[in-house]
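Accompanying notes for the structure given below.
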Amino acid sequence: MYLYKTVYEYGEAEIVIEKSRFIARVMPIESYEEGQTFVAEIKQQYKDATHNVPAIIFGRKQEMQWASDDGEPSGTSGMPMLKVMADMGLTNLAVVVTRYFGGVKLGTGGLSRAYSSLAKAGIEAAGICEVKKSIDLDCQMEYTYFPRVQNSAKDGLFEIHNIEYSDKVSMTVSCMEENGEEMKSRLQNLTLGQVLITEEKNILKKFKI
């Protein structure tokens, strides 16, 4: 089941515009508080910068949105970054764009374009992904049935991970939540009812797009 779209991992991008150095840092987050912590860490680490402009979106429906201009003219930096994030349909991420002023003023329009472009570049560096609900089954089966299960996985209904060989074959079989019952039924059929499911876990997984 599709839940939301976010960034896949931490990412950075750097651009020099009219002698000012801009560095975007993007982080996927699991809570709004985690986003605030990320922003605080960047501000502390790069406190020599002229500005560290943050923006955070959190919640499956982008319910929590926050940004600051951090000393730039009002409305020229944080909000343009937030708009880029929202318009891309992203959530659960924090972006901080650090600026080292190079002596040339960009004007309000130039600042807005600069911070927007840096936010987008940082997001592209981090990679965009979809977060979906999936099911992991830890299971065991006799060696006789394993080749059948491997061959069946080729159609994409499920994937096999963490294979271990001992007196039986142990593995993790995973699929999208909506295919869970079909996957269990297929495993039963392929093993003539001999598959042993030791644990079932509902988890969230990222899929790059």
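The values are calculated or read from the model by the stated rules, or taken from the named source; none is laboratory data. Owing to the predicted nature of the structure, the values given are computational and were not obtained by experimental measurement. Quick reminder, even Gly has a Cβ in these numbers, built from the backbone with ideal geometry, and neighbours come from all protein chains shown. The area values use the complete protein model at the heavy-atom level, side chains included, leaving out ligands, DNA and RNA. Shrake-Rupley method; radii C 1.70, N 1.55, O 1.52, S 1.80 Å.
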Against the definition (surrounded by fewer than 19 Cβ atoms within 10 Å (Cβ to Cβ) and not hydroxyl-bearing (Ser, Thr, Tyr)), how does GLY102 come out, yes or no?
yes
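Okay, residues lined up against (1) surrounded by fewer than 21 Cβ atoms within 10 Å (Cβ to Cβ); (2) of a type in the set (A, V, I, L, M); (3) in contact with an Asp or Glu (Cβ under 7 Å, 6 or more places away or on another chain):
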site	(1), (2), (3)
GLN62	yes, no, no
PRO73	yes, no, no
MET85	no, yes, no
TYR115	no, no, no
LYS120	yes, no, no
What are the residue pairs meeting all of these: first residue in the stretch 1-26, first residue open to solvent by 20 Å² or more (accessible area, probe 1.4 Å), second residue among the polar types (S, T, N, Q) and at pLDDT 95 or above, Cβ atoms under 6 Å, and 6 or more apart or on different chains?
TYR4/THR91
Selected residue [over 30 Å from PRO73 (Cβ atoms), touching a residue at least 24 places away in the same chain (Cβ under 8 Å) and of a type in the set (D, E, K, R)] from GLU124, GLU130, GLU181, GLU159
GLU130
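Could you tell me whether ALA94 is at pLDDT 95 or above, touching a Gly at 6+ places or on another chain (Cβ under 8 Å) and surrounded by fewer than 19 Cβ atoms within 10 Å (Cβ to Cβ)?
Details: at pLDDT 95 or above: yes; touching a Gly at 6+ places or on another chain (Cβ under 8 Å): yes; surrounded by fewer than 19 Cβ atoms within 10 Å (Cβ to Cβ): no.
Judged against the criteria, ALA94 is not a match.
Residues that are of a type in the set (Asp, Glu): find the strands (runs of 3 or more DSSP E) completely inside the stretch 1-45 holding 1 or more of those.
Strands (runs of 3 or more DSSP E) meeting the threshold: 11-17.
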So how many residues does the stretch 184-209 have that are in contact (Cβ under 8 Å) with a residue 24 or more places away in the chain, more than 30 Å from LEU90 (Cα to Cα) and among the polar types (S, T, N, Q)?
3
Count, please, the residues in the stretch 140-166 that happen to be open to solvent by less than 70 Å² (accessible area, probe 1.4 Å) and touching a helix residue (DSSP H, G or I) at 6+ places or on another chain (Cβ under 9 Å).
8
Every residue from the stretch 117-161 that is under 14 Å from the mean Cα position of the chain (by Cα) and part of a strand (DSSP E or B)
ILE128, CYS129, GLU130, VAL131, LYS132, LYS133
Mind listing just one residue for me: the one in the stretch 167-192 that is over 31 Å from the mean Cα position of the chain (by Cα) and open to solvent by 100 Å² or more (accessible area, probe 1.4 Å) and, of those, farthest from LEU3 (Cα to Cα)?
ASP167
